[in-house]
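Okay, so here's the structure we're looking at.
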Amino acid sequence: MSRDDFTAESLARYLHLTPSQVVRLADRGKIPGRKVAGQWRFSRDEIHHWLEQRIGLAEEDGLPEVEGVLGASSGATSEREIRIAELLPQDRIAIPLPARTRNSVFTTMVALAARSGLLWDPEKMEEAIRAREELYPTTLENGVALLHPRRPMPSILAEPLLALGVTSTGIPFGGNRGALTDVFFLICSIDDRGHLRTLARLSKVLAVPGFLDALRQAPDAETAHNLIQQTEAELGKAAQPE
């Protein structure tokens, strides 16, 4: 058993469930795990991938459940809300992204993130996101890819950051049943919780009706950044009690 594996008890604490709830989910095949000597064990990588899938970029119904998990810890109420527009300034947005192949997407997206000066080892980051794509493709049915390493990489990052590229035409990127991908986010995180909170916030933005169409039509980085800011402002208003 890997030292990174969860037991039913430790996964229950992580997900803010009871151990019996975790076991019931595993017995029903609702959560990825395996039995070792009659006890459930859960790979940390597989659990993170499961959470990412449930965040709701393809299915909105998964989002509230994951956001509830991320907001359930004792210190969550004091955490500052993540803002995509703050993590993604204009100089990390490329429209159009000068990439026409899968390999060139990796290179140009990492180079875009490296412009910030916050990514100290672009080569290592590129290697990590390539490895992640081979293991679990991050492409979605809506033509978006969420590039990121398997695990956060705090040793090569000064702080969390995002990069965004929109290609002028779709690219065969794999993992999306043959569909083309043209919107690429690179998510660089320094811890697991921040990574999942960023994904949850990003999924809310992407799920807003009309957002992706408007992003694809944006002529430049400034327009795209303004669109993200406006969308997040509207989400904030919608969340306020009447």
Do any residues in segment 202-214 that are in contact (Cβ under 8 Å) with a residue 60 or more places away in the chain have Cβ atoms under 8 Å from those of residues that are part of a helix (DSSP H, G or I) and hydroxyl-bearing (Ser, Thr, Tyr), where the two are at least six apart or on different chains, and which pairs are they?
-> 205/231
Please give the number of the condition residue 40 fails out of (1) within 18 Å of the chain's Cα centre (by Cα); (2) at pLDDT 90 or above.
-> (1)
Within segment 168-189, the residues that are within 14 Å of residue 82 (Cα to Cα) and either open to solvent by 20 Å² or more (accessible area, probe 1.4 Å) or acidic (Asp, Glu) (or both) are none
Could you please tell me which pairs satisfy a Cβ distance under 8 Å, a separation of 6+ or placement on different chains, a first residue in segment 217-232 that is free of Cβ contacts under 8 Å to residues at least 60 places away in the same chain, and a second residue that is crowded, with 17+ Cβ neighbours inside 10 Å and part of a helix (DSSP H, G or I)?
-> 227/211; 227/215; 231/205; 231/211
Can you tell me which residues in segment 184-198 are more than 8 Å from the chain's Cα centre (by Cα) and outside any loop (DSSP other than H, G, I, E, B)?
-> 184, 185, 186, 188, 192, 193, 194, 197
Looking only at segment 24-43, which residues are crowded, with 18+ Cβ neighbours inside 10 Å and assigned to a helix (DSSP H, G or I)?
-> 25, 26
Here the residues within segment 100-123 that are assigned to a helix (DSSP H, G or I), touching a residue at least 24 places away in the same chain (Cβ under 8 Å) and touching a Pro at 6+ places or on another chain (Cβ under 9 Å) are 102, 108, 110, 113
In the set 51, 11, 17, which member is in contact with a helix residue (DSSP H, G or I) (Cβ under 9 Å, 6 or more places away or on another chain) and either closer than 25 Å to residue 147 by Cβ or of a type in the set (Val, Ile, Thr) (or both)?
-> 51
Working only within segment 146-178, note down all residues that are touching a residue at least 40 places away in the same chain (Cβ under 8 Å), closer than 26 Å to residue 216 by Cβ and part of a loop (DSSP other than H, G, I, E, B).
-> 148, 160, 173, 174, 175
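The values are calculated or read from the model by the stated rules, or taken from the named source; none is laboratory data. On a predicted model such as this, the values are computed, not experimentally measured, just so you know. For neighbour counting, all protein chains shown are included, and Cβ atoms are generated from backbone atoms with ideal geometry for every residue, glycine included. When the accessible area is computed, the model is the full protein with side chains, heavy atoms only, and any ligands, DNA or RNA have been set aside. Shrake-Rupley method; radii C 1.70, N 1.55, O 1.52, S 1.80 Å.
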